[in-house]
1. Are any residues in the range 254-268 in contact with an Asp or Glu (Cβ under 8 Å, 6 or more places away or on another chain) and either at pLDDT below 95 or over 15 Å from VAL56 (Cα atoms) (or both), and if so, which ones?
2. Pick from TYR243, TYR175: which is closer than 27 Å to PHE306 by Cα and buried (at least 18 other Cβ atoms within 10 Å of the Cβ)?
3. Would the range 127-142 turn up any residue that is in contact (Cβ under 8 Å) with a residue 60 or more places away in the chain, in a loop (DSSP other than H, G, I, E, B) and buried (at least 24 other Cβ atoms within 10 Å of the Cβ)?
4. Go through the range 144-169 and report how many residues are farther than 20 Å from GLY217 by Cα and of a type in the set (A, V, I, L, M, F, W, C).
5. Are any residues in the range 287-327 under 15 Å from THR98 (Cα atoms) and buried (at least 20 other Cβ atoms within 10 Å of the Cβ), and if so, which ones?
6. Between PRO53, PRO64, PRO89, which is closer than 19 Å to THR261 by Cβ and either in a helix (DSSP H, G or I) or not hydrophobic (A, V, I, L, M, F, W, C) (or both)?
7. Could you say whether any residue in the range 181-191 is out of contact with any Leu (no Cβ under 9 Å at 6 or more places or on another chain), at pLDDT below 95 and in a loop (DSSP other than H, G, I, E, B)?
8. Taking the range 13-55 as the search range and keeping residues that are at negative phi, among the small types (Gly, Ala, Ser) and at pLDDT 50 or above, which one is surrounded by the most Cβ atoms within 10 Å (Cβ to Cβ)?
Amino acid sequence: MSKTLCWALGFAAALTLAAACSRTQATADAGEYMKILNVSYDVSRDFYKEYNPLFVREFKKIRPDIDLHIQQSHGGSSKQAMSVANGLPADVVTMNQTSDIDTLAQRGLVASDWADSLPNQAVPFSSATVFLVRKGNPKDITDWHVLADSDVKVVFANPKTSGNGRYAFLSLYGYALKTYGSQTEAETFTRKVLANVPMFENGSRAASTSFTQREIGDVLVTLENEANFISRNLLPDQFEIVYPSYTAEAESPVAVVESVTAKKGTREAARAYLQYLWSDPAQELAAKMYFRPGNAEILARHRTDFPKLNTFRPNETLGSWPEIMTNFFADGGIFDRLNTR
């Protein structure tokens with residue numbers, strides 16, 4: 001039996017268990033109103049806007065006595081994680097970097113083994129860092145090396161507050177290491193590119209707005225799903241995507257906030273909400289919203305939308321995520337040293 005099928009069956013089992021666990025409360029309060037909060041990162045909002053009603057319809061089939069409502073909160077991934085750490089009552093977190101969820105696990109809000117509780121280390125789909133340029137690519141931007149040219153203005157989110165921004169910076173730095181071979185040369189190149197960034201927006205959607213609506217910069221370095229959403233849906237025929245020769249794979253890990261769901265009595269609904277991300281309808285929706293599905297068969301069906309890329313996982317190339325966060329993004333780290341504006 002495939003892992004995907006196992007987890008699809010697991011979803012049904014979770015809903016059955018949810019019925020057993022909350023039957024007493026539901027009986028006492030017929031038509032029970034239940035609300036769960038998904039705290040997520042900037043550019044996932046369009047996916048979850050469509051996923052939530054999809055899940056609610058499925059949940060309603062098995063729990064018609066529960067009136068389930070899902071609320072969303074979006075922002076820079078790390079800022080969102082800190083909001084949860086500081087008391088935002090999230091039932092689930094759906095981030096774009098494992099270190100943000102690890103931070104919550106270290107504080108006892110998320111289970112320490114959260115990454116082992118769902119398939120593929122709790123990553124239902126992924127993305128990659130790409131370039132979005134204006135129609136016709138007037139600056140002839142073909143790869144990272146062009147971003148160091150003095151007449152090219154580069155836009156991406158602040159790596160200190162945004163997971164999207166971190167993937168952008170790590171993609172740039174990873175390319176430089178692979179291309180130039182030494183840390184000194186890689187840092188010299190990276191410093192040149194950062195000097196071409198007029199500003200760092202706090203979140204990826206703010207960076208997209210600056211590039212597309214305020215017309216700041218010549219290239220937006222962002223995630224593939226965001227670039228596709230802009231160029232195909234939001235502002236068609238105004239922008240196009242350029243795929244760099246080497247770039248970081250961006251994962252989208254998810255977890256239940258156990259400390260909150262235990263108090264609210266929403267644990268099983270929250271677990272089912274995340275488990276359903278591996279269902280075929282959810283994986284198809286991910287592809288529709290330009291995320292790369294974790295289901296290999298569904299990804300293959302959408303291969304024309306997702307060209308093959310030469311990617312690397314930052315935590316396998318540049319150190320573990322805790323090391324990356326300390327070495328690159330802590331105060332005085334590599335990013336601060338190279339960002340000499």
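1. Within the range 254-268, VAL256, VAL257, VAL260, THR261, LYS264, ARG267 qualify.
2. Exactly one residue qualifies, and that residue is TYR175.
3. no
4. Adding up the residues that qualify gives 0.
5. Correct list: PRO314, ILE324.
6. Going through PRO53, PRO64, PRO89 in turn, the sole match is PRO89.
7. yes
8. Filtering first and then ranking leaves SER44.
The values are calculated or read from the model by the stated rules, or taken from the named source; none is laboratory data. Small disclaimer: the values here were computed from a predicted structure and weren't measured. Virtual Cβ from ideal backbone geometry, glycine too; neighbours counted across all protein chains shown.
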